[in-house]
1. Could you go through segment 37-51 and let me know if any residue there is part of a helix (DSSP H, G or I), hydrophobic (A, V, I, L, M, F, W, C) and over 18 Å from the mean Cα position of the chain (by Cα).
2. Whether any residue in segment 24-36 is of a type in the set (D, E, K, R), assigned to a loop (DSSP other than H, G, I, E, B) and surrounded by fewer than 10 Cβ atoms within 10 Å (Cβ to Cβ) is what I want to check.
3. Can you tell me which residues in segment 34-43 are of a type in the set (A, V, I, L, M, F, W, C) and modelled with pLDDT under 90?
4. So which residues in segment 45-62 are modelled with pLDDT under 90 and surrounded by 10 or more Cβ atoms within 10 Å (Cβ to Cβ)?
5. Examine segment 1-15 for a residue that is under 14 Å from the mean Cα position of the chain (by Cα), without any contact (Cβ under 8 Å) to a residue 12 or more places away in the chain and surrounded by 10 or more Cβ atoms within 10 Å (Cβ to Cβ), and state whether such a residue exists.
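The values are calculated or read from the model by the stated rules, or taken from the named source; none is laboratory data. Just so we're clear, the structure is a prediction, and the values are computed from it rather than from any experiment. So basically every Cβ, Gly included, is an ideal-geometry build from the backbone, and we count neighbours across all protein chains shown.
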Amino acid sequence: MGAGGPAGAFAALTGGLAGLAAVPTALRKRRADRPGWTRGEAAMWALLWQQRARAADLWGRA
């Protein structure tokens, strides 16, 4: 068990399930917003990949 113990594991599970439940709404909003996009789908994924958090960033190690 991690540093959060059972309560931390429960909180992580609850948050994950809440995020999963929000996926259909997010996809609907995404489809509705698509006509106003200034870059394509592939270009946006590439940008997100470039700016992703790396493990060293998350744990504060260089």
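1. Going through segment 37-51, the residues part of a helix (DSSP H, G or I) turn out to be 41-50.
Narrowing the set further to residues that are hydrophobic (A, V, I, L, M, F, W, C) leaves 42-49.
From what is left, the residues that are over 18 Å from the mean Cα position of the chain (by Cα) are none.
The answer is no, given that none of the residues of segment 37-51 is part of a helix (DSSP H, G or I), hydrophobic (A, V, I, L, M, F, W, C) and over 18 Å from the mean Cα position of the chain (by Cα).
2. Of segment 24-36, the ones of a type in the set (D, E, K, R) are 28-31, 33-34.
If we keep only those that are assigned to a loop (DSSP other than H, G, I, E, B) too, we end up with none.
Among the residues of segment 24-36, not one is of a type in the set (D, E, K, R), assigned to a loop (DSSP other than H, G, I, E, B) and surrounded by fewer than 10 Cβ atoms within 10 Å (Cβ to Cβ), which makes the answer no.
3. Quick first cut of segment 34-43, residues of a type in the set (A, V, I, L, M, F, W, C) only: 37, 42-43.
The answer is 37, and nothing else.
4. 57
5. Taking segment 1-15 and keeping what is under 14 Å from the mean Cα position of the chain (by Cα), we get 12, 15.
Now narrow it down to the ones that are without any contact (Cβ under 8 Å) to a residue 12 or more places away in the chain: 12, 15.
Those left that are additionally surrounded by 10 or more Cβ atoms within 10 Å (Cβ to Cβ): 12, 15.
Among the residues of segment 1-15, at least one is under 14 Å from the mean Cα position of the chain (by Cα), without any contact (Cβ under 8 Å) to a residue 12 or more places away in the chain and surrounded by 10 or more Cβ atoms within 10 Å (Cβ to Cβ), which makes the answer yes.
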